[in-house]
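Only one structure is covered here, and it is reproduced in the block below.
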Amino acid sequence: MALDALNTIDTETPALTLADKALQAIQTSIIKGELAPGSKINEQMLAQRYGISRGPTREALLTLERRRLIVRIPHVGARVAQLSIDELGDLYRLRSVLEGMACELAAKHISPTALMQLQRLMDSQEESLAKGDTYFQQDGDVDFHYRIIRASGSKHLQETLIGNLYHLLRMYRYQCTSETRPTKAIAEHRRIVEAIAAGDGELASLLMRRHIEQGRINTEKRLKALQAE
């Protein structure tokens, strides 16, 4: 999807309210760093930028605050969340535990259709890598994790990870992804899928936790380098 398309609200989409459209557009801008970390949130400016009234904009900002992409500081106001080493560690530790659990459940409950879709996603990622396309790091890789979380059958895990944690995680991943990571990450994905397909939840969980820890190490290294610049 083109960057301009992500920054423009599609007023022709009937399924979304104005607040939903504002939420999507502002959230994408935060995740991509177009609204810089730590920058002040100007409600009127955002409403003008996306061509909507301040009511839907305010509603979108409240949702982003609940998702921790916006923080409200006393006597300062609302600002875009800052990338932090400590928060990164907390985020990945919680993610490791929950996604390890999702793998165990997915190994027991995944449907043949969901497993086939997961395997097809792996084939697609490997083809993209062979062509030199690394954009999957932002979309495809997250989709890989989403599919396993959904396959777990746990609504609580889905709500906690997909509905909450992953919004902030995407900002870290998008802005701190290393170009050297994709090959190793895809190989790790393939082993996780093989363990789930074999019904070995314990192995799938172990491999997922190792995968996420390696991701944390790489993301932290990149974040430190960015902070040093």
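The values are calculated or read from the model by the stated rules, or taken from the named source; none is laboratory data. Predicted model only: the values in this text are computed from it and were never measured. Because the Cβ atoms are built from the backbone with ideal geometry, glycine has one as well, and the counts that use them run over all protein chains shown. Please note that ligands, DNA and RNA were not included when accessible areas were found on the heavy atoms of the full protein model with its side chains. Shrake-Rupley method; radii C 1.70, N 1.55, O 1.52, S 1.80 Å.
Positive contributions from Lys and Arg (+1) and negative ones from Asp and Glu (-1), summed over other residues with Cβ under 14 Å from the Cβ of residue 45, come out at +3.
Taking Cα atoms, how many degrees apart are the long axis of helix 182-197 and the longest axis of the chain, rounded to 10 and kept between 0 and 90? The angle comes out at about 60 degrees. Residue order by solvent-accessible surface for 23, 62, 226, 161 is 62, 226, 23, 161, largest first, with ligands and nucleic acids left out and a 1.4 Å probe. Protein heavy-atom surface of the chain, 1.4 angstrom probe: 51% of the accessible area is carbon and sulfur, with nucleic acids and ligands not counted. To the nearest ten degrees, helix 112-130 and the longest principal axis of the Cα atoms of the chain are 80 degrees apart.
At a probe radius of 1.4 angstrom, the accessible area of the chain per residue rounds to 53 square angstrom. By a 1.4 Å probe calculation restricted to protein chains, residue 39 has an accessible surface near 40 Å², given to the nearest 10. Extending 7 Å from the Cα toward the beta-carbon at both residue 116 and residue 214 defines two label points whose distance is 3.0 nm.
Leaving ligands and nucleic acids out of the surface, order 101, 171 by accessible area at 1.4 Å, largest first.
Numbers: 101 90, 171 0 Å².
From most exposed to least exposed: 101, 171.
Here the sum of -39500 (n - 2.57) over DSSP H runs of 4 or more residues, divided by the residues of the chain, equals -21500 deg cm²/dmol at 222 nm, to the nearest 500.
Each Lys and Arg adds +1 at its Cβ and each Asp and Glu adds -1 at its Cβ; summed about the Cα centre, the stretch 34-97 shows a dipole of about 120 debye. Centre-to-centre, using Cα atoms only, the stretch 73-138 and the stretch 191-228 are separated by 9 Å. Scalar couplings 3J(HN,Hα) for the stretch 25-39, obtained by applying the Karplus form with A = 6.51, B = -1.76, C = 1.60 to θ = phi - 60°, are 5, 5, 4, 4, 5, 5, 4, 7, x, 5, 9, 5, x, x, 6 Hz; x denotes Gly and Pro.
From the alpha carbon gyration tensor of the chain, can you work out the equivalent ellipsoid semi-axes (sqrt of 5 times each eigenvalue) and give them in Å, largest to smallest? Intermediate values should be presented prior to the final figure.
Numbers: eigenvalues 201, 79, 61 Å².
In descending order the semi-axes read 32, 20, 17 Å.
Within the straight-line cut-off of under 25 Å between alpha carbons, the lysines reachable from residue 184 are 32, 131, 221, 224, sequence neighbours fewer than 8 places apart in one chain being disregarded. Ranking 90, 200 from most to least accessible surface, computed with a 1.4 Å probe over the protein chains only, gives 90, 200.
Under 8 Å for C-alpha pairs, at least 6 residues apart: give me the relative contact order for the chain, rounded to a whole percent. Numbers along the way, then the final one.
Numbers: 258 pairs, mean separation 54.8, N = 229.
Relative contact order, the chain: 24 percent.
Compared with the dominant Cα axis of the chain, that is its longest principal axis, helix 201-228 is turned about 40°. Residue 58 contributes an accessible area of around 110 Å² to the protein surface, as traced by a 1.4 Å probe with all chains present.
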